[in-house]
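What follows is calculated from the coordinates using simple rules that are stated; it is not laboratory data. Quick caveat, the model's predicted, so the values are computed rather than measured. We place every Cβ from the backbone using ideal geometry, glycine too, and count neighbours over all the protein chains shown.
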Amino acid sequence: MSFSFKIYKKILDLFQKNELLWASEIAEKLGISRVIVHKVLKQILDENKVQKIWKASHTRYKSLIYSKNNKQIESYMIIDFKTKKLIDENFYKFDSTWKLLKWFEGFKTWLWEKNFNIEKSVNSYKNLINYIENLENNCWLLDVTEIFKKKFEKIYMQKVYYAWEYNLIEFGRTKLAEMTFYAKQSQNLNLINQSIDEIIYKLECLVKIEKIDCIAIVPWSIDRKNQLLGKLKKRLEKLNLPFLNIIKYYENGIPIPQKSIKSKTWRIKNAQNTIFVNDKNIKNYNKILLIDDFVGSWATLNITAWKLSEQWVKNIIWFAFVWSMDLKYEVINEI
């Protein structure tokens, strides 16, 4: 860095006395150049110690280290290395200004903004992550086949897996869920690739362990410039496996996404009438891996699997990025 630690510390100390500051105000109060001030602000922004508010010439900087009554928040709590590493690897959130909060520093900032107790939240978050990780199989996947069987009178899949939990009670979306959700919403190619990086090795392991000989991607309803499942398919081509041709067809030309349909019965009906398997080689495949991103009612997956089984596919393995097992504190507190 091209400024002294002394200046860095002076600016942080200034935020202890003033929750909101302009860059010009900092320069005037400390008698230093605006160029240096902006360099220091850039660093402490990256460290999640301040936050930008407003825009352009009206930009001010808000302290994330000190509360409104100038009492320092619990930023320097003692935390063991293993817990910090766990949070560094798992915490990932976008705030309301599209700023990315991640690692332990981002976690503390997020907790402070929510007015959560840091020490209690760290322990709760750690227990949740450990609980889920203990459920993972040898491919780092969550096997929910038995849960799935309870949701339908008849299922057409032999195994049901997903990569990670969608929601962690009051902590909201998990890292993979947050990343995948905004990857789909924004069609941001960098986010899409990050999301796929989180699950690709799990899929490769699953293909090997289950001896998959064909991959089927659930067709999407809405065309996007950067399609998450389309990019995943491209990445999976290196496995040198055939892809089953499944299509979505809407008779009136108006696509209806499953997530827009509230009734489970109508979701099943929508899937029955819009998803079609069109592949002359289907009888050559022994075990098909069926892939989706987000799962709501499971209707699309089960109906797609049913249509595959109607064409003599005997083994269907299902995978999705995220799902929610409806975690409860009673369960977590038992560990």
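Between Ile79 and Asp95, the contour length at 0.36 nm per residue exceeds the Cα-Cα span by 3.3 nm. Here the residues Lys184, Lys149, Lys175, ranked from fewest to most Cβ neighbours within 10 Å of their Cβ, fall in the order Lys149, Lys175, Lys184. When the square roots of the Cα gyration tensor eigenvalues are ordered a ≥ b ≥ c, the ratio a/c for region 105-182 is 1.5 or more and a/b exceeds b/c, which makes its shape prolate.
To the nearest 0.05, how large is the calculated FRET efficiency for Asn188 and Lys238 if R₀ is 30 Å and r is the Cβ-Cβ distance? Mind showing how you got there, number by number?
Working: r = 23 Å, r/R0 = 0.77.
With a Förster radius of 30 Å, E is 0.85.
Label region 145-238 by shape, choosing from rounded, prolate and oblate, from the square roots a ≥ b ≥ c of the eigenvalues of the Cα gyration tensor; if a/c is under 1.5 it is rounded, and otherwise prolate applies when a/b is larger than b/c, oblate when it is not. Judged from the Cα gyration tensor, region 145-238 comes out oblate (a/c at least 1.5, b/c at or above a/b). For Trp103, put the label point 7 Å out on the Cα→Cβ axis and report which residues of region 110-139 keep their amide N under 18 Å from it. Answer for this model: 110-112. Dividing the mean sequence gap of close Cα pairs (under 8 Å, 6+ apart) by how many residues region 105-172 holds gives a relative contact order of 24 percent.
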